[in-house]
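Every number in this text was worked out from the coordinates using simple rules, so none of it is lab data. All of these numbers come straight from a predicted model, not from anything done at the bench. Cβ coordinates were reconstructed from backbone atoms using ideal geometry, including for glycine residues, and neighbour counts include every protein chain displayed.
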Amino acid sequence: MASRDTNKLIKKANELVESRYKFDIWETRVFAKMITLINKDDEDFKTYRIYIKEIQDDFQLSKNKDAYKRLKDGARRLMRHIVKITYNTDEGEKILETPVIIGLETLVAGKSFIDVSFHPNMKPFLLQLKSQFLMYDIRNILKISSVHSVRIYELLKQYEKIGFRTFLVEELKDILQVSEKYPLYANFKQRIIKKAQKDLEKYTDISFTYEEIKKVRSVEKIKFFIHKNRSSQKDSGKEETILVEASSVIDEVNDLRAKLKKQGINEDKILNTLFKTQSLEHIRATLQKCQAHFDKNKGTVKNQAGYILNAINKGYYENEILEDAGNLKREQKRKAQEFSQVEKESQYKTIKAGFHKNYATKLSGLKEQYLDESLLEQILEAKKNTPFYGMVQRSIQNNESSKMLDAWINDYLAETYLSEEEASFDIYLKKYHPDLANR
């Protein structure tokens with residue numbers, strides 16, 4: 001059992017930082033708190049105990065009377081969420097779709113803590129990280145109420161030592177999972193980018209300005225310029241200096257630099273200019289396209305170094321890269337829709353089981369309160385002219401159970417004492433879960 005750790009650091013693999021998922025702020029708080037409970041020497045996950053008092057203190061929620069319920073509900077929702085992580089293997093690039101946590105335990109008679117467990121698939125992205133990771137102090141995000149601002153903070157924190165980071169607008173929307181909510185750039189800029197700019201300036205150790213890069217008349221890319229935020233110290237007083245680790249980005253630059261040198265691009269001046277003017281994502285994707293071209297057309301490109309430089313600087317493969325990103329996005333959307341349908345079916349079954357259990361409990365109580373010989377005679381009299389009346393009477397005379405009689409009694413009690421939504425699952429579903437009624 002891991003709990004009450006003084007660790008304030010969040011450490012996660014770059015692939016996880018850049019993965020596709022959509023958490024709300026309470027799910028983000030549970031996830032962040034769980035990560036701080038991981039010990040750097042842990043080789044396997046443990047059950048992590050999160051105390052409600054710590055959450056209230058950390059996130060300044062002492063006046064929030066619903067904090068325990070929100071914490072528990074946030075953890076419960078996390079069990080249903082799927083994170084999509086793109087990572088490299090010897091076989092090529094893969095996408096892992098996995099839940100984040102697999103277990104939640106709470107005290108029946110208490111509201112002091114919850115116990116939660118990570119899914120084993122998360123191990124490569126949270127345990128024993130030696131390189132290609134982001135690490136920052138959780139205190140940077142404690143006061144942020146926007147989950148999108150938290151994610152933008154992480155994405156920019158990765159590149160703090162580089163000083164800038166460029167995203168395709170559609171790529172950033174996809175990472176944040178807001179493409180459908182904010183299809184127009186103006187709304188995305190106002191609700192997400194400007195909000196994050198204010199939050200980071202006010203609460204964190206970095207801030208940013210940005211440049212809009214247009215193609216024809218529309219904004220195609222955003223280039224973020226990352227600055228050290230000295231003003232963040234004004235509210236922290238004597239608080240200890242925040243520990244920052246940005247080795248992950250340096251590792252990525254060094255890795256790409258080594259690959260480019262292997263292709264014959266050896267001049268540091270050229271390489272430095274390349275990394276200053278082009279995003280790492282663009283360099284990486286273009287290099288992959290060039291290598292595929294060389295493999296397919298062996299011997300036809302005499303000056304591979306020159307070809308690669310031109311491809312990167314002139315955007316030979318820009319349309320293909322954008323198309324690949326679009327295809328990936330469509331495939332992810334298709335899978336998300338499939339998962340959404342499975343998730344809806346699971347929710348439907350859970351709600352239906354709960355409804356019928358509650359319905360049976362109410363009927364049992366009504367029978368104890370109202371069912372006597374007089375009411376039984378009244379029910380039988382009303383069914384006297386039905387086809388099964390004789391069969392039910394014989395069962396009563398032989399002192400045998402009768403499912404038909406039970407059904408008559410249940411129907412009478414439900415019609416007499418229960419509301420429509422209490423008696424009918426279909427009506428209940430349409431009233432309280434309309435999204436599942438037409439699943």
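In a fully extended conformation the segment linking GLN288 and SER117 would gain 57.8 nm over its present Cα-Cα distance, using 0.36 nm per residue. Going by Cα centres, segment 408-424 and segment 253-317 are how many Å apart? If we compute the Cα centre of each part, the gap is 73 Å. Considering all different alpha carbon pairs of segment 250-316, the Kirkwood hydrodynamic radius works out to 12.0 Å. Placing a pseudo-label 7 Å from each Cα along the Cα-to-Cβ vector at ASP41 and GLU368 gives an inter-label distance of 5.6 nm. Ranked for footprinting exposure by Cβ neighbours inside 10 Å, fewest first, LEU126, LEU380, LEU172 give LEU380, LEU126, LEU172. One way to sum up the overall shape of segment 1-138 is the equivalent ellipsoid from its Cα gyration tensor, whose semi-axes run 26, 16, 14 Å, largest first. Within segment 247-296, the GluC sites (Glu not before Pro) that combine a DSSP coil assignment with at most 16 other C-beta atoms in a 10 angstrom radius are GLU267. When you filter the trypsin sites (Lys or Arg not before Pro) in segment 11-54 for DSSP loop state and at most 13 other Cβ atoms inside 10 Å of their Cβ, you are left with LYS40.
If you take the beta carbon distance between ALA360 and HIS433 as r and set R0 to 22 Å, what does 1/(1 + (r/R0)^6) give as a FRET efficiency, to the nearest 0.05? Between ALA360 and HIS433 the formula returns 0.65. Summary of the geometry: segment 200-218 and segment 341-391, compared by the centres of their Cα atoms, lie 61 Å apart. Only DSSP H runs of four or more residues enter the estimate; each adds -39500 (n - 2.57), and after division by the residues of the chain the mean residue ellipticity at 222 nm equals -16000 deg cm²/dmol. The Stokes-Einstein estimate for segment 68-167, based on a Kirkwood radius over Cα pairs and taken at 20 °C with 1.002 mPa s viscosity, is a diffusion coefficient of 131 µm²/s. Legend: ranking of residues GLU97, GLU18 from fewest to most surrounding C-beta atoms inside 10 Å; resulting order GLU97, GLU18. Summing Lys and Arg as +1 and Asp and Glu as -1 over all other residues whose Cβ lies under 13 Å from the Cβ of GLU211 gives a net charge of +3. Taking other C-beta atoms within 10 angstrom as a stand-in for reagent exposure, HIS293, HIS148 fall in the order HIS293, HIS148, fewest first.
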